[in-house]
1. Looking at A117, A109, which one is assigned by TED's automatic domain parsing to the domain that holds G59, modelled with pLDDT of 95 or more and buried (at least 16 other Cβ atoms within 10 Å of the Cβ)?
2. For the range 307-336, which positions are without any contact (Cβ under 8 Å) to a residue 60 or more places away in the chain and in a loop (DSSP other than H, G, I, E, B)?
3. Just to check your reading of the model, which residue among L85, L81 is within 30 Å of D160 (Cα to Cα) and either within 29 Å of the chain's Cα centre (by Cα) or surrounded by 17 or more Cβ atoms within 10 Å (Cβ to Cβ) (or both)?
4. Restricting attention to the range 111-124, and to residues there that are touching a helix residue (DSSP H, G or I) at 6+ places or on another chain (Cβ under 7 Å) and in a helix (DSSP H, G or I), which single residue is farthest from G177 (Cα to Cα)?
5. When residues of the range 201-236 are filtered for being among the hydroxyl-bearing types (S, T, Y) and either modelled with pLDDT of 80 or more or more than 24 Å from S13 (Cα to Cα) (or both), how many remain?
6. Can you pull out the residues in the range 308-323 that are surrounded by fewer than 20 Cβ atoms within 10 Å (Cβ to Cβ) and either over 27 Å from T251 (Cα atoms) or among the hydrophobic types (A, V, I, L, M, F, W, C) (or both)?
7. If you go through the range 120-170, how many residues are surrounded by fewer than 15 Cβ atoms within 10 Å (Cβ to Cβ) and among the acidic types (D, E)?
8. For the range 285-304: of the residues being in a loop (DSSP other than H, G, I, E, B) and under 18 Å from the mean Cα position of the chain (by Cα), which is surrounded by the fewest Cβ atoms within 10 Å (Cβ to Cβ)?
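The values are calculated or read from the model by the stated rules, or taken from the named source; none is laboratory data. It should be emphasised that the depicted structure is a prediction, and the values quoted were computed from it without experimental measurement. A quick note on method: Cβ atoms are made from the backbone with ideal geometry, for glycine too, and the neighbour counts reach across all protein chains shown.
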Amino acid sequence: MGLEADVAISRGSMDVRAAITADDGTTVALLGPNGAGKTTVVEALAGIASSTGPIELDGVRIEAFPPERRGIGVCFQDDLLFPHLTVLDNIAFGPRAVGTDKRAAHTTAAGWLRRLAPGVDPAAKPRSLSGGERRRVSLARALATAPRLLLLDEPLAGVDVSSRGQIRAMLREVRAGFDGVVILVAHDPIDALTMADRVVIMERGQRVQEGTPDEIRRAPRSQYAADLVGVNIFAGTVERLDDGAAVLRMTTGAITIAPGRDVIPGTPAVATLRPSDVSIHLERPEGSARNVLRGTVEEVAADDERARIRLRTQPPLTAEITAGSVTRLGLSPGTEVWASFKAVEVSVHPESAAALGTAPGTLGG
């Protein structure tokens with residue numbers, strides 16, 4: 001059936017309120033800056049914190065239930081593995097907590113360990129594991145109770161860069177085979193854009209926007225939202241060029257734009273650029289593109305067909321290309337590349353500079 005929750009909880013001076021509705025088989029990402037209330041929502045759903053609003057899972061009100069009776073699995077960003085227990089006993093803890101006998105719990109735990117962390121010794125203690133291994137064990141523990149709601153609180157936090165791609169692939173595989181609801185708390189938009197069906201953006205404890213990644217990318221309602229979902233958004237001062245084009249000058253670089261009549265030289269403006277309009281090359285490109293920037297690949301996040309590439313250029317950019325192009329170009333973190341895009345592909349919004357409250361500088365990426 002799914003989840004229907006109206007989380008309402010007070011934390012200090014901040015009131016956290018977030019309505020979340022999701023059908024079975026849906027992944028919802030909670031995104032927002034530090035302190036936005038994302039983890040508080042997870043704690044309320046998990047029963048660690050008390051919500052005064054209703055929480056209904058599969059048609060049953062669970063807000064008054066203790067954590068072990070909610071049908072929820074939780075993978076916290078700091079793992080919270082029991083240091084005195086072995087890996088196998090950590091995973092078996094959930095089934096044991098809901099009344100499963102020790103032998104059956106260990107059988108279930110061993111199955112999840114083989115699936116998610118086949119190289120980890122069942123008898124090892126958490127302190128001997130790497131960050132990626134700990135995350136795999138934590139996820140196995142969350143799934144061992146056969147939950148109907150899976151809560152993932154920044155599952156890539158503390159995982160080294162070299163392991164993030166593997167963990168993302170594992171999470172996508174788990175998500176594809178999970179028939180309940182997944183709530184994914186993410187600080188990095190790459191996680192949401194590659195794993196979530198819907199995105200809820202929170203700021204200052206409140207839900208400020210909700211929709212599919214594409215819906216939010218097309219019409220972000222705040223500067224944070226635009227930055228988060230990967231739209232390249234820039235704020236700077238317009239400088240006229242002799243040939244009718246113009247430059248948007250920022251503290252971190254400059255881009256050539258094709259201004260409309262309402263763009264006045266010497267005034268601030270905001271410009272946006274779709275990641276799909278950025279091309280990536282291994283050699284300096286020839287052609288009509290007015291913007292050609294040199295830099296390095298910072299991160300590659302790919303699904304079956306598309307890949308989002310973060311580029312360390314001036315200004316920083318996010319590009320979206322086919323997964324096949326990533327392979328053909330041999331792109332990986334540290335690869336030196338050229339990025340290009342046409343001036344006419346940059347949308348200029350002079351009226352947005354004041355509305356967004358931005359200072360000249362790069363906001364997107």
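1. On the way: A117 fails: modelled with pLDDT of 95 or more.
The conditions single out A109.
2. G330, L331, S332, G334, T335, listed by residue number.
3. Working: L85 fails: either within 29 Å of the chain's Cα centre (by Cα) or surrounded by 17 or more Cβ atoms within 10 Å (Cβ to Cβ) (or both).
The match here is L81.
4. L113
5. Applying the first criterion (among the hydroxyl-bearing types (S, T, Y)) to the range 201-236 yields 212, 222, 224.
From what's left, either modelled with pLDDT of 80 or more or more than 24 Å from S13 (Cα to Cα) (or both): 212.
Looking only at that region, the number is 1.
6. T322, A323
7. Residues flagged as surrounded by fewer than 15 Cβ atoms within 10 Å (Cβ to Cβ) and among the acidic types (D, E) within the range 120-170 amount to 2.
8. Filtering the range 285-304 down to residues in a loop (DSSP other than H, G, I, E, B) leaves 285-290, 303-304.
From what is left, the residues that are under 18 Å from the mean Cα position of the chain (by Cα) are 303-304.
Values: D303: 14, D304: 6.
Checked the range 285-304; the qualifying residue surrounded by the fewest Cβ atoms within 10 Å (Cβ to Cβ) is D304.
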